[in-house]
Amino acid sequence: MGTILNVYKPTNEDRKLVDEFRKNPNGHHSKDLQRLLNLFRGEDIEGKYVVLCNKPFKEWELGQTTGIGKPMKRLGLKFNKLEDAEWEAFKRRWQRHTGEKLK
């Protein structure tokens, strides 16, 4: 299992980025939000949260990585909008890094 690199850790000041992401999960992001997303999405660990596409433009599902060359673990949480799936992944990634559970 990989480890989380401690190059950057979210701070209390980064809390404002939660609202920015919620308002615009797929689009141009500020440099600060992009730095946070790079951390979240670039984790080299088993159990990293990912968004899987089941039906293009119709259905997405939350999953987790299980290791190189192994199939993704499907969590059974399905979404009709990509934005909702991205928000769920973001919330879980945020909690992993900060300990704070978002609503």
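The values are calculated or read from the model by the stated rules, or taken from the named source; none is laboratory data. A quick note: this is a predicted structure, and the numbers were derived from the prediction, not measured. Please note: Cβ atoms are built from the backbone with ideal geometry, for glycine as well, and neighbour counts cover all protein chains shown. To get the accessible areas, we keep the full protein, side chains included, count just its heavy atoms, and leave off ligands, DNA and RNA. Shrake-Rupley method; radii C 1.70, N 1.55, O 1.52, S 1.80 Å.
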Residue in the range 8-26 that is out of contact with any strand residue (DSSP E or B) (no Cβ under 9 Å at 6 or more places or on another chain) and farther than 19 Å from W94 by Cβ present: no
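Would you tally the residues in the range 72-83 being open to solvent by 60 Å² or more (accessible area, probe 1.4 Å) and closer than 30 Å to N12 by Cα? Spell out how you get there, then give the answer.
Our first condition is that a residue be open to solvent by 60 Å² or more (accessible area, probe 1.4 Å); within the range 72-83, this holds for 72-74, 77-78, 80-81, 83.
Subsequent filtering for residues that are closer than 30 Å to N12 by Cα retains 77, 81, 83.
Going through the range 72-83 one residue at a time, the tally reaches 3.
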Residue, most open to solvent (accessible area, probe 1.4 Å), within the range 94-103, restricted to residues that are in contact (Cβ under 8 Å) with a residue 24 or more places away in the chain and in contact with a Leu (Cβ under 8 Å, 6 or more places away or on another chain): H97
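Residues are listed down the side, and each one gets a yes or a no for (1) surrounded by 12 or more Cβ atoms within 10 Å (Cβ to Cβ); (2) closer than 19 Å to E100 by Cα:
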residue: E20; (1), (2): yes, yes
residue: N24; (1), (2): yes, no
residue: H28; (1), (2): no, no
residue: K31; (1), (2): no, no
residue: L36; (1), (2): yes, yes
residue: F40; (1), (2): yes, yes
residue: E46; (1), (2): yes, no
residue: G63; (1), (2): yes, no
residue: K70; (1), (2): no, no
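Given the criterion closer than 19 Å to E20 by Cβ and open to solvent by 30 Å² or more (accessible area, probe 1.4 Å), identify the matching residue among K55, K91. Give the derivation first.
Working: K55 fails: closer than 19 Å to E20 by Cβ.
Answer to the check: K91.
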The range 28-48 residues that are over 19 Å from K73 (Cβ atoms) and among the acidic types (D, E), paired with ones that are open to solvent by less than 90 Å² (accessible area, probe 1.4 Å) and in a helix (DSSP H, G or I) (beta carbon under 9 Å, 6 or more apart): D32/D14; D32/L17; D32/E20
Looking at the range 30-66, which of its residues are within 18 Å of L82 (Cβ to Cβ), in contact with a helix residue (DSSP H, G or I) (Cβ under 6 Å, 6 or more places away or on another chain) and of a type outside the set (F, W, Y)? L33, V51, L62
